[in-house]
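After the structure tokens below, expect a handful of questions from me.
The values are calculated or read from the model by the stated rules, or taken from the named source; none is laboratory data. Note that the coordinates shown come from a computational prediction; the quantities given were computed from them, not determined experimentally. Virtual Cβ from ideal backbone geometry, glycine too; neighbours counted across all protein chains shown.
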Amino acid sequence: MDVVDRINEILKHEGITRPALEARTGIKVKRWANVLNRQAKPYAEELTAIGAVWPEYAYWLTTGDEIPDAGQISPMTKKAHEASKTAPKAG
């Protein structure tokens, strides 16, 4: 999985559209489209913007590795953690 795959995984897990991504990062939809469609390589600006919106993914985004003890996880780890939580019982 490369960095573009990791960006796409974050967007998929977080349920974020490209227009919403523009609103959160200040980076134009067209630029995101070019990056996500592999017509352009992501610059540090895009990686920094994603890391600012989802700081828990910053290390994983850039390296592909996680440091759970430091709160640096992947969307898959976050999903697994959310799924393992039990729903509170009613009254």
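Tell me which residues, restricted to the range 1-52, are within 26 Å of Ala83 (Cβ to Cβ), exposed (fewer than 15 other Cβ atoms within 10 Å of the Cβ) and of a type in the set (A, V, I, L, M).
Met1, Ala20
Identify all residues within the range 31-41 that are within 12 Å of Asn8 (Cα to Cα) and either touching a residue at least 24 places away in the same chain (Cβ under 8 Å) or not in a helix (DSSP H, G or I) (or both); write none if there are none. Write out each step before concluding.
Step one: list which residues in the range 31-41 are within 12 Å of Asn8 (Cα to Cα), which gives 32-33, 35-38.
Answer for the range 31-41, where residues must be within 12 Å of Asn8 (Cα to Cα) and either touching a residue at least 24 places away in the same chain (Cβ under 8 Å) or not in a helix (DSSP H, G or I) (or both): Val35, Leu36, Asn37, Arg38.
Read through the list (1) among the hydroxyl-bearing types (Ser, Thr, Tyr); (2) surrounded by 12 or more Cβ atoms within 10 Å (Cβ to Cβ); (3) at pLDDT below 95, then give the number of the only condition that Thr86 fails.
So Thr86 meets the others, but not (2).
Of the residues that sit in the range 1-30 and are part of a helix (DSSP H, G or I) and touching a residue at least 40 places away in the same chain (Cβ under 8 Å), which one is farthest from Lys78 (Cα to Cα)?
We begin by selecting, within the range 1-30, every residue part of a helix (DSSP H, G or I); these are 3-14, 18-25, 29-30.
Next, only the ones that are touching a residue at least 40 places away in the same chain (Cβ under 8 Å) stay: 3, 6-7, 9-10, 12-14.
On the way: Val3: 18, Arg6: 14, Ile7: 15, Glu9: 12, Ile10: 10, Lys12: 13, His13: 9, Glu14: 10 Å.
Checking each candidate, the answer is Val3.
Then there is this: In the range 36-55, what count of residues is obtained for those that are out of contact with any helix residue (DSSP H, G or I) (no Cβ under 7 Å at 6 or more places or on another chain) and of a type in the set (D, E, K, R)? I'd like the intermediate steps shown before the answer.
Our first condition is that a residue be out of contact with any helix residue (DSSP H, G or I) (no Cβ under 7 Å at 6 or more places or on another chain); within the range 36-55, this holds for 37, 39, 41, 43-45, 48, 52, 55.
So of that shortlist, the ones also of a type in the set (D, E, K, R) come out as 41, 45.
Result for the range 36-55: 2.
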